Amino acid sequence: MRLILIRHGEAVGNASGVMLGRQDVPLTERGRQQALALREKLPPPNAIYTSPLQRCHDTATLINPCPDLKIQELAELIEIDQGIFTGLTWAQAQAQHPELCEELEESDYLIPVPEAESMAMAWQRAKQAWKQLRRHSDEDCVWCISHGGFLQCLISVVLGSDRLWGMEIPPAAWFDFSVRVDLDGRFEAENIRWWRINVFNQNL
């Protein structure tokens, strides 16, 4: 399967560093232009999945090269909930929650943010999303439009990794993988994956 993972185009609040989480905001004009430019760089899809949030759905609509191809919402692709940080920049979060922010900056471990989705929960959600995606045949090209935070979990699950890298994924960046999953017992080990990285975190 050719699997293309895409972060949505620039959305309202991205340029100023707002932690959007699950806030449902539209694309900026720049984000719309990014989506249109991205459409020219990707192989044609057999299926398109999107997070239910507007910024992803709008990106999916703009980059869809096939008017007859239905865009499918996949709830598991939604962004990680940022809890009490939702809608704040880091400077605002530091002003409102100084002790928590100091602990987050100084600790080598993941510190829970009140009301936020944990990384363990997001990881499990990524596994559920992958179960849906892997049903496609080896010949299919599948596009998934999601978010910078959640894509890190999904990429790790797809590649069979137990690590998150904390990488910066710019708006409209994409990842292109060729993935083959053992669904019919051709390999001795369960769920053996063969994959190739064609493009990794490519920016416009």
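The values are calculated or read from the model by the stated rules, or taken from the named source; none is laboratory data. Just so you know, these numbers come straight off a predicted model, no measurement behind them. All Cβ positions, even for glycine, are placed from backbone atoms using ideal geometry, and neighbour counts span all protein chains on display. Areas reflect the complete protein model, heavy atoms only, side chains present, ligands, DNA and RNA absent. Shrake-Rupley method; radii C 1.70, N 1.55, O 1.52, S 1.80 Å.
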Hits in segment 123-152 - residues which are at pLDDT below 95, in contact with a Phe, Trp or Tyr (Cβ under 8 Å, 6 or more places away or on another chain) and open to solvent by less than 10 Å² (accessible area, probe 1.4 Å) = Leu133
Any hit, segment 163-175, residues being open to solvent by 10 Å² or more (accessible area, probe 1.4 Å), in contact with a strand residue (DSSP E or B) (Cβ under 6 Å, 6 or more places away or on another chain), basic (Lys, Arg) and modelled with pLDDT under 95 | no
Contacts under 6 angstrom Cβ, first residue in segment 95-111 being assigned to a helix (DSSP H, G or I), partner of a type in the set (Val, Ile, Thr), 6 or more apart = Glu103/Ile111; Leu104/Ile111
Does Leu88 satisfy the criteria of being more than 24 Å from Lys131 (Cα to Cα), assigned to a loop (DSSP other than H, G, I, E, B) and touching a residue at least 40 places away in the same chain (Cβ under 8 Å)?
-> yes
Test Leu69 against the stated conditions and say whether it is open to solvent by 50 Å² or more (accessible area, probe 1.4 Å) and outside any helix (DSSP H, G or I).
-> no
Filtering segment 73-111 for residues that are surrounded by fewer than 14 Cβ atoms within 10 Å (Cβ to Cβ) and closer than 20 Å to Leu164 by Cβ leaves a count of 8
Taking first residues from segment 147-163 that are closer than 26 Å to Asn14 by Cα and polar (S, T, N, Q) and second residues anywhere that are in a helix (DSSP H, G or I) and open to solvent by 10 Å² or more (accessible area, probe 1.4 Å), the pairs with Cβ under 9 Å that are 6 or more apart or on different chains are Ser156/Trp123
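For residues that are crowded, with 18+ Cβ neighbours inside 10 Å, in contact with a helix residue (DSSP H, G or I) (Cβ under 9 Å, 6 or more places away or on another chain) and of a type outside the set (Lys, Arg), tally how many sit in segment 54-66.
7
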Odd one out for Met121, checked against (1) closer than 18 Å to Thr86 by Cβ; (2) free of Cβ contacts under 8 Å to residues at least 12 places away in the same chain; (3) in a loop (DSSP other than H, G, I, E, B) = (3)
For segment 43-66, name all the residues that are closer than 18 Å to Glu10 by Cβ and not in a helix (DSSP H, G or I).
-> Thr50, Ser51, Leu53
